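Below: the structure, in structure tokens.
The values are calculated or read from the model by the stated rules, or taken from the named source; none is laboratory data. Small disclaimer: the values here were computed from a predicted structure and weren't measured. All Cβ positions, glycine included, derive from the backbone under ideal geometry; neighbour counts span all protein chains shown. For the accessible areas, the whole protein counts, side chains as well, though only heavy atoms, and no ligand, DNA or RNA atoms are used. Shrake-Rupley method; radii C 1.70, N 1.55, O 1.52, S 1.80 Å.
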Amino acid sequence: MSKKTGRRDFLKGLVSGLVVGGIAGVAGTEIYRGLAPPPPPVREEIPTTPIKAGIQAYLTGGGALWGKPMMQGAILAIEEINERGGILGRKIEYVVKSETSPEETVREYRTLVLDEKIDFYVGLISSSNTPAVGPVAEELQTLTFFVDGCTDFLFESVVPDPRFCFRITNIQSADGVAAAIGAIKLLNLTEKDKVRIAHIHPDYAYGRNAHAHMQITFEKVLGKDRVEVVYEAFPGLFKITDFSPYITEIIANRPDILASSLWGADVVNFYKQAIGYGLFEKMKYVSCIAHAASPAEAVKDFPDGHIAGVHANYFFLYPEWDKYPINKSFVNNYYRRWGTYPDSPSEGAYVAVYLYKNAVEKAYTMIGRFPEVDDIIRALEGMTIYGPAGPIHVRAEKPNKHQCYKDGIVGISKYDPRFGFSVLDKPIVIPISKITVPEGWEGTPDPKAGTLAYSWIRETWREGVVPV
Amino acid sequence: MVERLKRFFGDDIKTNFIFLTIIAILYPIIYVFSPGWGVVLGHGVTWISALLGFNLLFGYTGLLSFGHALFLGVGAYTVGFMYKYLGINNIELHLLGGILSSTVVALIIGPIVVRYTRIFFAIFMLAIAQILWSLYYKFYWVTGGTDGIKIPRFSILGISLEKLDFATYHHVYFYFVTGLTFILVYIMWRIINSPFGLTLKSIRDNETRARFIGVDIYRARLYAFIISAIYASITGVLAVNHHRLVTPDIAYWTTSGKVVFATLLGGARIFIGPIVGSFVFHIIESFAMKFIYWQMVMGILIIAIVILMPGGIAHLARTLVDVVVSHRRRGG
């Protein structure tokens, strides 16, 4: 039997409700009156002078394949922000300087800070230059975003407790680790009884770093006895144009995979010559960096079906445009502005400018005036923003304080007629938290490889287990 | 007096000291208005030593070295190793170490290379410099490879500069180096105007005749080579203390090219040439880096120097003095 609510019941309920509500309301007002009113938001006047940015990039020579897109990414972000009214109404101006050898790069950095009076700095590709400029940035107390120059050495030993410098790109050790894990998963290497590996890397700090971290990842994940190194070579960076002696020897050693961190002009020379020798039919090429910068120039007719790394950073097709509009608008705007597709360094520089904008705005909401550099730094530490490549997090604690982290991607190379160059296909995401030294980890850098990451992998990874 | 000015402008010690003093007086004023150009002057004064050393071989002995980066590298890596392995960041000891190590290196390679002249000497030096460069590069577990060796701010006479703000630190650096440069310039001037210096000039002008009058050409060249090496290594020591990272770049052939270029720009046959060249070169280079194609700017400039003023800026200045002096004499 159902009971219907009569008119009388309804009125009773209404009256009692009003009474209870009224009492509660009055009591609430009384309590509210007892408390001090919140202070009115302090909003000091924001200066109208423009903010000045300094950009420093390789504009000529072998590094320009990386430096030019970096400059373009930063300029695009600045122009976008200016078009939408600037940062808290302040427009951004910029000055561009060349990146060269450490001595000259430091000199030009100092003139940017001292003469151009820049408010923040975006720049650098070379791993030789970030350890030179890092301490100078701390000395001159200027907010500095390194786009690349990813050496682990910077935040592990040169400036272990930075205040003013930040770095956007994923740390160098993550590059080799991500590519090796990508290869293991995409090529199903765990199913093989034995994997024969050949290595070819440029002969300098980056190549050695990539070699060490790829190798230890293979050894840990696949098991030491199942990995056999059949060949190793370190040609000088941008010194070799004829790779045929290397190619024939690699083929003669019959590896299953060829692990490589050749980049720029080297990778172009290598793969074009290796195609002629049929190298790519005989083994899988595992590159951690080939597709990372200026893919239209660097990997135009790269063979299909090989492991394509992007410096553990960004490839313009991912995250997929329809699912992630930030990337779509970035790619569209970049193409409209520069007539080419963005890449890792351009995304890095673009994100650097937006990190600055976000930090300034966040600090402003907290302190109510245009923030000083210390306020901006406080806002930056621990901050996560969504950039074209996905979320990027600024680490606030040691080790590698002020290093930014984002998930890396590795895919399979595939020529795409829509773009006219080789792109990344079937990408897998490598969560950065699984492949890099966690916050607060206390260890000592491996003496041979020179990095904390190497010691961390050696000490904490279980052999035979894929960590991702 | 007027005749002296005309003939010796730039070659007498007085003009050199006056020039350096003017720079030392102008520096704080420039720094106040534009600290960046103050830093550029700091680079200028740092490189004088290497250029003077190079010019002792090139302008006064007639040996074109295209590998002086070798000695800059020796100086730089001496500093790097002294700090990395011994923890020494005392600049006097760095200088001492640089002088000793470059003397040793010059004594090892000097006896072989000074037997050659002209293009053979230039190429030989280039080759040896490149060998050393590749060693710095390859032995990365010792040298840090391209990551380099990071060194802290130096200390003078045991007084640490670590706590100073940048401007004060830079002033200390600038005046320390300027003071040192006064001494180095004076020593070099004495060497060039000594009988030994005259011997070198005689070898440059006519080797056969010098040998005929009994000059031991081999020994004279070797001594000049060693002095030159020491001067270059001093710049190596100072330069890495100025930017505080020792990387193989300082030993690369482009550094040798810079030494040659800056000396030619200033003027190789006049004593003051390298001193002027060092400042002007760094000012132009820093200015050119505002443009995307800055290397093209530098290239065009070197072509212009070779065609329009082969004697360099110092020679041009001397010609101007000449014109002014003659004019005034006619007028008076």
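Structure above, values below:
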quantity	calculated
Residue match in region A:167-181 (condition: charged (D, E, K, R), open to solvent by 20 Å² or more (accessible area, probe 1.4 Å) and either over 20 Å from A:Ile385 (Cα atoms) or modelled with pLDDT of 95 or more (or both))	no
Test: residue in region A:452-468 that is crowded, with 23+ Cβ neighbours inside 10 Å and within 14 Å of another protein chain (Cβ to nearest Cβ)	yes
Flag for A:Ala308 being crowded, with 24+ Cβ neighbours inside 10 Å and closer than 23 Å to B:Thr146 by Cα	no
Residues being surrounded by 17 or more Cβ atoms within 10 Å (Cβ to Cβ) and part of a helix (DSSP H, G or I) - total across region B:112-162	18
Residue satisfying condition, being on the phi < 0 side of the Ramachandran plot, in a helix (DSSP H, G or I), surrounded by 17 or more Cβ atoms within 10 Å (Cβ to Cβ) and touching an Asp or Glu at 6+ places or on another chain (Cβ under 9 Å), within set B:Ala239, B:Ala229	B:Ala239
Qualifying residue in region B:124-133 (condition: β-branched (Val, Ile, Thr), touching a Gly at 6+ places or on another chain (Cβ under 9 Å) and more than 14 Å from every other protein chain (Cβ to nearest Cβ))	yes
Residues (open to solvent by 50 Å² or more (accessible area, probe 1.4 Å), on the phi < 0 side of the Ramachandran plot and of a type outside the set (A, V, I, L, M, F, W, C)) located in region A:403-437	A:Asp407, A:Lys414, A:Tyr415, A:Pro417, A:Arg418, A:Ser433, A:Lys434
Filter result (part of a helix (DSSP H, G or I) and either within 14 Å of chain B (Cβ to nearest Cβ) or open to solvent by less than 10 Å² (accessible area, probe 1.4 Å) (or both)) within region A:195-215	A:Ala205, A:Tyr206, A:Gly207, A:Arg208, A:Asn209, A:Ala210, A:His211, A:Ala212, A:His213, A:Met214
Failed item, numbered, when B:Leu64 is tested on (1) outside any helix (DSSP H, G or I); (2) open to solvent by less than 10 Å² (accessible area, probe 1.4 Å)	(2)
Residue identified as basic (Lys, Arg) and within 14 Å of chain B (Cβ to nearest Cβ) among A:Lys414, A:Lys448	A:Lys448
Hits in region A:114-142 (condition: within 18 Å of the chain's Cα centre (by Cα) and in contact (Cβ under 8 Å) with a residue 60 or more places away in the chain)	A:Tyr121, A:Val122, A:Gly123, A:Leu124, A:Ile125, A:Ser126, A:Ser127
Residues of region B:255-285 satisfying the condition of being facing another protein chain (nearest Cβ under 10 Å) and farther than 30 Å from B:Asn90 by Cβ	B:Glu285
Search result, residues across region B:134-166 that are of a type in the set (Lys, Arg), within 11 Å of chain A (Cβ to nearest Cβ) and farther than 16 Å from B:Leu245 by Cα	B:Lys138
Test for B:Met298: is it under 30 Å from A:Ile55 (Cα atoms) and open to solvent by less than 70 Å² (accessible area, probe 1.4 Å)	yes
Boolean, A:Tyr341 is free of Cβ contacts under 8 Å to residues at least 40 places away in the same chain and aromatic (Phe, Trp, Tyr)	no
Output for region A:80-92, where each listed residue is surrounded by 15 or more Cβ atoms within 10 Å (Cβ to Cβ) and of a type in the set (D, E, K, R)	A:Glu80, A:Arg90, A:Lys91
Residues located in region A:144-162, provided they are aromatic (Phe, Trp, Tyr) and open to solvent by 10 Å² or more (accessible area, probe 1.4 Å)	A:Phe153
Identity of the residue in region A:130-143, open to solvent by less than 10 Å² (accessible area, probe 1.4 Å) and under 27 Å from B:Ala251 (Cβ atoms), that ends up farthest from the other protein chains (Cβ to nearest Cβ)	A:Ala137
Top-ranked residue in region A:110-129 [being closer than 19 Å to A:Gly73 by Cβ and more than 9 Å from chain B (Cβ to nearest Cβ); ranked as most open to solvent (accessible area, probe 1.4 Å)]	A:Asp119
Flag if A:Val437 is assigned to a loop (DSSP other than H, G, I, E, B) and at pLDDT 90 or above	yes
Residue in region B:317-331 that is more than 22 Å from B:His68 (Cα to Cα) and in contact with a strand residue (DSSP E or B) (Cβ under 9 Å, 6 or more places away or on another chain) present	no
Filtered residue count, region A:51-65, keeping only those that are over 28 Å from A:Phe370 (Cβ atoms) and charged (D, E, K, R)	0
Breaking point among (1) touching a residue at least 60 places away in the same chain (Cβ under 8 Å); (2) closer than 25 Å to A:Pro135 by Cα; (3) open to solvent by less than 20 Å² (accessible area, probe 1.4 Å); (4) out of contact with any Gly (no Cβ under 7 Å at 6 or more places or on another chain), for B:Phe174	(4)
Helices (runs of 4 or more DSSP H) enclosed by region A:36-140 - at least 2 residues per element that are out of contact with any Phe, Trp or Tyr (no Cβ under 9 Å at 6 or more places or on another chain) and modelled with pLDDT of 95 or more	A:64-83
Leading residue by the ranking (farthest from the other protein chains (Cβ to nearest Cβ)) among those in region A:93-109 that are charged (D, E, K, R) and open to solvent by 10 Å² or more (accessible area, probe 1.4 Å)	A:Glu93
Residue in region A:359-379 that is closer than 30 Å to A:Ala210 by Cα and more than 14 Å from the chain's Cα centre (by Cα) present	no
All positions within region B:242-266 that are open to solvent by 10 Å² or more (accessible area, probe 1.4 Å) and under 16 Å from the mean Cα position of the chain (by Cα)	B:Ile250, B:Tyr252, B:Trp253, B:Thr254, B:Thr255, B:Gly257, B:Lys258, B:Val260, B:Phe261, B:Leu264
Boolean, A:Val159 is more than 18 Å from the chain's Cα centre (by Cα) and within 25 Å of A:Ile289 (Cβ to Cβ)	yes
